[in-house]
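Heads up, the thing below is written out as structure tokens.
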Amino acid sequence: MGPSVAGRHEPLSVHPFTPDMPARLVLVALAVLCLTPLIALGVMGGEALRIGSLSALLGDPFIQRALRFTLVQAALSTLISVALAVPVVLALRHIQQPWLLRHVWTLFALPLVLPQIVAALAIAAVFGHNGWIADLVAIAGINWPSIYGLAGILLAHVFFNLPLAARVFDLALQSQPVEYEKNAAQLGLTGWRRFILIEGAVIRDAAMGVSILIFLLCSTSFTIVLMLGGGPRSTTLEVAIYQALAFDFDLGRAVMLVALQVLVTGGIVLALMGRRDADVGTTGFSLTGAMHMRAVMAGERSGAAIAMLLVLVAVLFVALPFIFIVFDGFAANPFAVWQRQAVVAALLTSIIIGLFSSILAVFGAVLLTHRRAGGRFLAAMPVLALVFPPIVLSAGWFLTLRQFTDPFEYAAILVVVINAAMALPFVLRIVGQALQTHAARYGQLEDQLALTGWARWRISVLPALRAPLLVGFAFAFALSLGDFGVIALFGSERLQTLPYMIYASFGSYRTNDAAALALLLAVLVFIAIGFAEWLGQRQTRSGAP
């Protein structure tokens, strides 16, 4: 702080190191992280394309097939998830018991925080050719088909995104004035007429935004496609990038695939940024979900039996993979697996990477809360982060570092930094909302007391943000624990995390080991998310900002 004059602190705005400077430094660091490998890939790609022509790569049937499959599976996943979410959310409005509705929404929130690698393993075990459902229908003499390929990918994407779409639609329905329902009852609107004029109109307004978001999430779904794709016919751009580097080391193809992936996600993000209702933050992190449990009007309860059946099917679909995680995890003698030296080392590595990533993400979020440093950019960060998925950044830095040194020497640092960058938008949202509330309550008082710069942060802001910062830390820690996109390229005998070991066990058909490790990872992630949820509820009850 500068010297005081007449008892008032000198504003930091006259100092070269202004409050905006730390935020700008973080933005520069993010730009370096994202753009440096792209520039390097452009240079290397130019050299690679001298060997084979650009037209040959663009005309490569494999690249064309990967691009086509990326778009097709994302479109189908979005269509099915959104279409099924509509009757599910309408059926949930028939539930009259608050405790039952609360538990259903809690279950629907769990896929939002479950690591994709655990979900893929669980879905394969439940719905696969040798899974629980196959064993059940075999009693009736029905031969259950394999889910590896497009069917398995769609199944996994619907598992993740149907609850997401249902939550968004429910929030939209809860936001409509209650007078709409009263007027509908007075006019005798029932059935399809009521749906078209009231619920349908609300859902239609929310559907475009959540559809674009789900399409973006599915087009950057690396782990699900890698584990359930089942072959070259079911390869997306991200999986093709991984295969080009990990197996073929085809530089020209890798560069072209990275460029196509960024163009695809960038185009989707531009569409997403044009809609206010397409906010990534609508997913939230709350395990309790939508809590405005408004019941349907009494005249609309005739279809309650059908609605309850539909809810039961949806609940079973979402719950079965979690039942597998618990049941098969404990059946695999997990405590013996967890005691292995390699597993203990991978667990410690995952925790250490998660801790450093979380600290870095929270620190960056604190600095970025100075909104004057690129306010529009900060508001768009939750979707801009998805333009550069983990596998794209990993591939870019892997190829960049390889020109100068052994990339595996810096693997741990890159995993930490990229995981922190992926968690940063979500942490920033949690901290930013709390900061806005704090500013509305105490900003005028802080101005009257002439609190500025770091003194303002140290005395007033940071104590108020203690709980949100811990929530953000726990959320970032859970995201880092379950990430496989970064470690997929940098994993080796020297650097293994729990997701990396799960994939290795799954690929070598050691299903018992994979189930035990999946249980361990799921427990750790839910402990972290449960801690964040508890802090958030405690903060709400206490009335803290």
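Each residue, residue 143 and residue 493, gets one label point 7 Å from its Cα in the Cβ direction; the gap between the two is 4.3 nm. Distance between the 7 Å Cα→Cβ label points at residue 62 and residue 355: 4.2 nm. With a 1.4 Å probe rolled over the protein heavy atoms of all chains, the accessible area of 205, 483 falls in the order 205, 483, largest first. For the range 116-132, list residues with backbone N below 19 Å from a point placed 7 Å from the Cα of residue 508 toward its Cβ? Output list for this probe position: 118, 121. Note on residue 248: accessible area approximately 100 square angstrom, rounded to 10, probe 1.4 Å, nucleic acids and ligands left out.
Per atom type, the range 404-529 shows carbon and sulfur on 61% of its accessible surface, probed at 1.4 Å.
At the residue level, residue 142 shows approximately 100 square angstrom of accessible surface with a 1.4 angstrom probe and all protein chains present.
The trypsin sites (Lys or Arg not before Pro) of the range 62-111 include none that meets both conditions, a loop assignment by DSSP and at most 11 other Cβ atoms within 10 Å of the site Cβ. With a ≥ b ≥ c taken as the square roots of the eigenvalues of the C-alpha gyration tensor of the range 402-486, please select rounded if a/c is under 1.5 and otherwise prolate if a/b is larger than b/c or oblate if it is not? The shape class here is prolate. Placing unit charges on the Cβ atoms of the charged side chains and taking the dipole of the range 384-500 about its Cα centre, the candidate lying farthest along the positive direction among 444, 468, 405 is 444.
The values are calculated or read from the model by the stated rules, or taken from the named source; none is laboratory data. From a predicted model like this one, the values you see are computed outputs, not experimental measurements. Cβ atoms come from the backbone with ideal geometry, glycine included; neighbour counts cover every protein chain shown. Each accessible area value is taken on the protein alone, full model and side chains, heavy atoms only, with ligands, DNA and RNA left out. Shrake-Rupley method; radii C 1.70, N 1.55, O 1.52, S 1.80 Å.
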